[in-house]
1. Looking only at segment 77-92, which residues are touching a residue at least 24 places away in the same chain (Cβ under 8 Å), more than 13 Å from residue 151 (Cα to Cα) and small (Gly, Ala, Ser)?
2. Is it fair to say residue 82 is closer than 18 Å to residue 156 by Cβ, surrounded by fewer than 19 Cβ atoms within 10 Å (Cβ to Cβ) and at pLDDT 95 or above?
3. Which one of the conditions (1) in contact with a strand residue (DSSP E or B) (Cβ under 6 Å, 6 or more places away or on another chain); (2) assigned to a strand (DSSP E or B) does residue 79 fail to meet, given that it meets all the rest?
4. Being out of contact with any Lys or Arg (no Cβ under 8 Å at 6 or more places or on another chain), of a type in the set (Asp, Glu) and surrounded by 14 or more Cβ atoms within 10 Å (Cβ to Cβ) is true for just one of 122, 95. Which residue is that?
5. Has segment 127-141 got at least one residue that is under 19 Å from residue 47 (Cβ atoms), among the β-branched types (Val, Ile, Thr) and under 23 Å from the mean Cα position of the chain (by Cα)?
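The values are calculated or read from the model by the stated rules, or taken from the named source; none is laboratory data. All values reported here derive from a predicted model rather than from experimental measurement. Glycine gets a Cβ as well: all are built from the backbone with ideal geometry, and neighbour counts include every protein chain shown.
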Amino acid sequence: MRKFLYLAMLSTASFLIACSPAANNSSNANKPANAVNNSATAPAANSAAIDTEIKKIVADMAVALQKGDVAACEKLYTENYMFVAPDGSLATGAERIASMKSGGTKYESIRYDDVTVRSNAEGNGAVSISRATVKGVNLGKPVDGQFRVTHVWSKTKDGWKLASGQTTPITAAATDTNKTAANSNSAAPVANGNANGGK
């Protein structure tokens, strides 16, 4: 009888332990819904307003660069700003400013168009991609043509600042690739046999 009672108590204890939640379980299963994803309760950033604001800053930046307005550019860059030039060389914000002051960076004309902006959900970071039409000298090297420019923006207590920039020449091959990609998006789907090389 004692054996039977002992086994019954063990079974009950095992059952209760198996059914109770683990004390130190860090999985999301035992957390309230708002603890799993606090961003769901945070107000969404106004992406349309950010889009408008960044596009205005990009246009103002073109004016500042063409005028050689060093003070405006100094205010625009974050402390750790990095620039990737069309030839792949790197420059810090301080090096770019020094180049502007010395005349090593001087633009006869610079214009940004075809600007698209993507911002994060929190509204404190954004990326803009644009087409720049440029003529002048950049970091001591002549530039003349069209470039695809990627800017990374950070929202600070002083407003939007430029954290990094990269410039890539737009070549005839790149233009043809863009047209091909645009055309393929509107093309009819390819049959399975053709898509797999006829196999």
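1. 89, 91
2. Here the answer is yes, as residue 82 does meet what is asked.
3. (1)
4. Details: 122 fails: surrounded by 14 or more Cβ atoms within 10 Å (Cβ to Cβ).
Sole residue among the options that is out of contact with any Lys or Arg (no Cβ under 8 Å at 6 or more places or on another chain), of a type in the set (Asp, Glu) and surrounded by 14 or more Cβ atoms within 10 Å (Cβ to Cβ): 95.
5. Yes, segment 127-141 contains a residue that is under 19 Å from residue 47 (Cβ atoms), among the β-branched types (Val, Ile, Thr) and under 23 Å from the mean Cα position of the chain (by Cα).
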